[in-house]
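Right, I'll just put the structure down here and ask away after.
What follows is calculated from the coordinates using simple rules that are stated; it is not laboratory data. Computed from a prediction, not measured in an experiment: that's the story for all the values here. Note that we place each Cβ from the backbone using ideal geometry, even for glycine, and neighbour counts take in every protein chain shown.
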Amino acid sequence: MIRRAVYLISLFLLILCGCSDYTISSTRPDPVIIIQNGDPNAAVWVDSFVQPSTINGIDIVWVIDTSGSMSNDEERLLAGIEAMMNALPLSGWRLNMISASPDAVLNEQQFPLVPGDTLLEATTMYNVMSTGHLEEGFNAIIDYITLNPYAQTWLRNDAALLVIFVSDEDDQSNIAVWDFESWYNIERSHVFLASIVNLPVNESLCNTSSYDVGDRYLEATSYFSGVVVDICSNDWSTGVQDASIQIQPHEFWDLSHNPAPGTVRVFFDRVLMDTGWTYDATLNRVIFTSVPPPGILVEIGYILRPDNETN
């Protein structure tokens, strides 16, 4: 499972000192690390996120591949939805499920789950959801929001929007990833994305085919600095909980890997921050003593510890 959007880049390693030894430049979502005076074979990792603003509620849509190959994932899917419901605030959220088959979403009219609902209500929603065999998650969410009149009876323009794609195959919509990103980016003032998909073969717990990798979902989720979960994982709960908390301002950030001592650097919108944060090696966590302002791109770069252990 990948808990957040990260970038692994092999570049130039500085013979470390206490000075400002690298900067991050270029435009999001693909940062470039520039490290001076060193060995070109070392690896630098960057954890990044955009600090959420305080929001007036959150609308959540799970876009689920309902083709036959997904039947074995039903138990983990419902457990993941229950974990998300339990991790969400006590008020202000609405959650619905739709098929990733566009033909199935045009007449979908289920009232969303709301605070106080349980796994029982979630299971009922899943069981009566309109289904189809197409695997077009991008088209499905666009058609549901723009063409289904019922969607507008529960979706709120002033709330944030979180979409979670779930599929064991890649998106097969007839639009470019960039076109989806552009549409989604202007759909609300605050949008978030997560994907539960097949990872590349060398990262997946079970996937053996490059054909099944959710590349388009991964690309879009990375663009929005979202959460990715390996669909092969036995338990999706931790990743789903991460997707839930990404809508809340971050006061700390758990690093994806263990850094070499003294190499952690924090940037706000590409500007190196010498103060306002501390690193807790016991928790492998950056703690913000000054909470990043809303909308700030936060990047935490560090040189991987030689044993390259991960959390």
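Can you tally the net charge around Asp143? Count Lys and Arg as +1, Asp and Glu as -1, for every other residue whose Cβ sits under 11 Å from the Cβ of Asp143.
Working: positive: none; negative: Asp103, Glu108, Glu136.
Its environment carries a net charge of -3.
Next question. Subtracting the Cα-Cα distance from 0.36 nm times the residue separation, let me have the gained length for Val128 to Ala43 in nm, one decimal.
25.8 nm
Shifting gears a bit: Once the piece of chain linking Asp269 and Asn202 is laid out straight, how much longer is it, given 0.36 nm per residue of separation minus the C-alpha distance between them?
So the chain would gain 20.9 nm between Asp269 and Asn202.
Here's a follow-up. Multiply the residue gap between Tyr211 and Leu120 by 0.36 nm, knock off their C-alpha separation, and tell me the result in nm, one decimal place. Walk me through the numbers before you get to the answer.
Working: separation 91, 0.36 × 91 = 32.76 nm, distance 3.52 nm.
Between Tyr211 and Leu120, full extension yields 29.2 nm more.
What ranking do Arg285, Arg216 get, fewest neighbouring Cβ atoms within 10 angstrom at the top?
Going from least to most buried by this count: Arg285, Arg216.
Still on this structure, I have one more. Between Ala260 and Asn107, what FRET efficiency follows from the Cβ-Cβ distance if R0 is 51 Å, with the result rounded to 0.05? Please report the intermediate quantities before stating the final value.
Working: r = 56 Å, r/R0 = 1.09.
Here the calculated transfer efficiency is 0.35.
³J(HN,Hα) across the stretch 150-158 via Karplus (A = 6.51, B = -1.76, C = 1.60, θ = phi - 60°), whole Hz, x for Gly/Pro?
5, 4, 6, 7, 10, 6, 10, 5, 9
Which value, in Å³ per residue, describes the convex hull spanned by the Cα atoms of the stretch 58-245?
106
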